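The values are calculated or read from the model by the stated rules, or taken from the named source; none is laboratory data. It should be emphasised that the depicted structure is a prediction, and the values quoted were computed from it without experimental measurement. Every residue, glycine among them, receives a Cβ derived from its backbone with ideal geometry; neighbour counts consider all protein chains shown. SASA here: full protein model, heavy atoms, side chains in, ligands and nucleic acids out. Shrake-Rupley method; radii C 1.70, N 1.55, O 1.52, S 1.80 Å.
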Amino acid sequence: MKRLKAENDRQIKELQELKHLREELEAEITAIEDEIKQTMGEEETLFAGAFKVTWKTVASSRFDSSRFKKDHAALAEAYTKTTTTRRFTVSA
């Protein structure tokens, strides 16, 4: 295991602070979006000054891979591809 320098320690602390700020901003953004959605109710479009806000229902179809694996295990295995990645984490 490699030990990091003091500069790395500073970078990691700054990274953690920025991630915390991002979480706070994301929570604030979500709260404001929820307020606007509540104002909109069932309306799909809202005009507010120079802004046009839309909140539309979107239907999508997705492949049910869990059910496919259950119903066709051998076929699912034959078409399953394993990939390798590296995961970056910072913990205290």
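Each peptide among 55-61, 12-18 gets the average number of other Cβ atoms lying within 10 Å of its residues, and from highest to lowest they stand as 12-18, 55-61. Selection among HIS20, TYR79, THR89 by position relative to the dipole of the chain gives TYR79 as farthest towards the positive end (Cβ unit charges, Cα centre). What the chain shows is 104 Å² of accessible area per residue, with the surface traced by a 1.4 Å probe over protein heavy atoms.
Between LYS5 and THR84, the C-beta separation translates, for a Förster distance of 30 Å, into a calculated FRET efficiency of about 0.55.
Potential lengthening of the chain between GLU17 and MET40 amounts to 4.8 nm, from the contour at 0.36 nm per residue minus the alpha-carbon distance.
Using Cβ point charges alone (K and R +1, D and E -1), the dipole size of the chain about the Cα centre works out to roughly 920 debye. Element breakdown for the chain at a 1.4 angstrom probe: carbon and sulfur atoms account for 52% of the accessible area. By definition, a body whose alpha carbon gyration tensor gives a ≥ b ≥ c is oblate when a/c is 1.5 or more and a/b is not larger than b/c, and segment 50-92 fits this oblate description. Note: relative contact order over the chain, using C-alpha pairs below 8 Å and six or more positions apart, is 13 percent.
First check a/c for the chain, with a ≥ b ≥ c the square roots of the eigenvalues of its C-alpha gyration tensor; if it is under 1.5, answer rounded, and if not, answer prolate when a/b is larger than b/c or oblate otherwise. Oblate, because a/c is 1.5 or more while a/b does not exceed b/c.
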